[in-house]
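Notes follow once the structure below has been shown.
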């Protein structure tokens, strides 16, 4: 039985963040209500999208 073709991917996971573009870092401090103070850090390579465009065919790195 023939298998359906999968559509070509337009993006690939960012190699710097491996698809996890935003992380929360615990600062060690607590807010007055007892919750932890965290910093959100975004991947600089993909600007928080988690993906980067595929290179055109024939392009070399």
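Give the number of residues within the stretch 9-38 that are more than 30 Å from residue 52 (Cβ to Cβ) and under 19 Å from the mean Cα position of the chain (by Cα).
Here is the first cut: in the stretch 9-38, the residues more than 30 Å from residue 52 (Cβ to Cβ) are 28-37.
Checking which are under 19 Å from the mean Cα position of the chain (by Cα) leaves us with none.
Selection size over the stretch 9-38: 0.
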Selection count where residues are surrounded by 11 or more Cβ atoms within 10 Å (Cβ to Cβ) and outside any loop (DSSP other than H, G, I, E, B), scope the stretch 38-48: 3
Filter pass, residue 18 being part of a loop (DSSP other than H, G, I, E, B), loosely packed, with under 11 Cβ neighbours inside 10 Å and at pLDDT 95 or above: no
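Given the options 10, 60, name the one that is loosely packed, with under 10 Cβ neighbours inside 10 Å, in contact with a strand residue (DSSP E or B) (Cβ under 9 Å, 6 or more places away or on another chain) and at pLDDT below 85. I'd like the intermediate steps shown before the answer.
Working: 60 fails: in contact with a strand residue (DSSP E or B) (Cβ under 9 Å, 6 or more places away or on another chain).
Sole residue among the options that is loosely packed, with under 10 Cβ neighbours inside 10 Å, in contact with a strand residue (DSSP E or B) (Cβ under 9 Å, 6 or more places away or on another chain) and at pLDDT below 85: 10.
The values are calculated or read from the model by the stated rules, or taken from the named source; none is laboratory data. Here the structure is a predicted model, which is why all the values come from computation and not from measurement. Heads up, the Cβs are rebuilt from the backbone with ideal geometry, glycines too, and the neighbour counts pull from every protein chain shown.
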